[in-house]
Amino acid sequence: MFPGIDDDYDKALFLLTHNPPEQRLDIPMPYSHFLQLEESWCKFKSENNISEEKRYPSLSYNGLMQMATVVTIQSALHDYIASVFREIIASGVNEYLSIHKPNAIARIKNYGSTTMTELTPYGASSKEQDESFGYGHPDRESCLQVAIERGVSENYGDLCRDKDLWIQQLGAKVVILICLKEAPRFKNPRAVYENIKDPVAEVKKMQQHALEAMKHHLERGIYGPIEYRDHMWTGKLDEVFVEVWRAGDDRPVRKWLIRQGRPSHLPKTIGLKISDFFPENEWAAINIPDSNVAFFMGPLRPMG
């Protein structure tokens, strides 16, 4: 993976500057070294006109474990699934509140992907979640309530460390882990496409192809793969499970959505509560009964 690279610092910098797909590297590192790595990465972005808004590759730091993490570009399928979960969860919360407390709906904030930072005795922990929900206070800063992290099942232990950081250090009340297994795994195309006169039109053509291919797969009860121009852009989703971890609880609720390439018996809830989206004092003040958040996934909608 890192030919000729021995030092962990150089491995991390290599991933940041080359951005190979679907890679994750966790490196024990004192905060002072992380700041040097962050400075080198910022310098590289400046010299190469890389936008600060570009999400991948990402660099974060766990001040509790003194560990730097680099995550490179994710497949469109993985990012897509995280956004689908956000939409389903938001729909379930809004549906319940519209009946029991309509004026509380506006307080539930969808942060999307946002970097959050918190000081520790060992440096500043920083992390960017895939999707998240917060509670908007009328007279002070909003607070994080629910974070969503997704990744490949091979990195389950790494995802659990991320979960601990969100709960123990960054104040999340609940963390949702989405674990996926693709067969075969996504790989970035190596071939350079030629004779593309209109890139915008080409992207639209690819999106239309993906829509048609996914619709065909869903009709057969399977999820992928999708090919375009002799390259496999997404593999087959072989496994998907979701876990809900709550602060103070060391046993998650796990629900399977896909096994061996086919949908499991889809759950009506994944273990989320309406109260999870409110700080404790605010939840007590609105005085409505608690309930599971309805979770209706159905077939995954086509990308595009």
Cut-off 14 Å between beta-carbons: net charge of the residues surrounding K181, Lys and Arg +1, Asp and Glu -1: 0
With DNA, RNA and ligands ignored, accessible area of W245 (1.4 Å probe; Å², nearest 10): 30 Å²
Per residue, in Å², the accessible surface of the stretch 55-104 once ligands and nucleic acids are set aside, probe 1.4 Å: 36 Å²
Accessible area in the full protein assembly, largest first, 1.4 Å probe, for T17, T234, T117: T117, T17, T234
Net lengthening on full extension, A106/E39 (0.36 nm per residue, minus Cα-Cα): 20.3 nm
Accessible area of the stretch 236-286 belonging to carbon and sulfur atoms, whole % at 1.4 Å probe: 46 percent
Solvent exposure ordering (accessible area, 1.4 Å, most first) of H231, H100, H18: H18, H100, H231
Sites E227 and L266 - FRET efficiency at Förster radius 25 Å, r taken between beta-carbons, to 0.05: 0.35
Summed side-chain charge close to Y228 - residues other than Y228 whose Cβ falls under 11 Å, Lys, Arg +1, Asp, Glu -1: -2
Reachable lysines, given that their alpha-carbon falls under 29 Å from the alpha-carbon of K173 and they are not under 8 places away in the same chain: K54, K101, K109, K127, K163, K181, K255, K268, K273
Amide proton proximity set for K273, modelled H, under 5 Å, gap of 5+: V293
Residue order for I288, I196 - accessible surface, 1.4 angstrom probe, largest first: I196, I288
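The values are calculated or read from the model by the stated rules, or taken from the named source; none is laboratory data. From a predicted model like this one, the values you see are computed outputs, not experimental measurements. When we count neighbours, we look across all protein chains shown, and the Cβ atoms used for this are built from the backbone with ideal geometry, even at glycine. Keep in mind that these areas ignore ligands, DNA and RNA; they rest on the heavy atoms of the full protein, side chains included. Shrake-Rupley method; radii C 1.70, N 1.55, O 1.52, S 1.80 Å.
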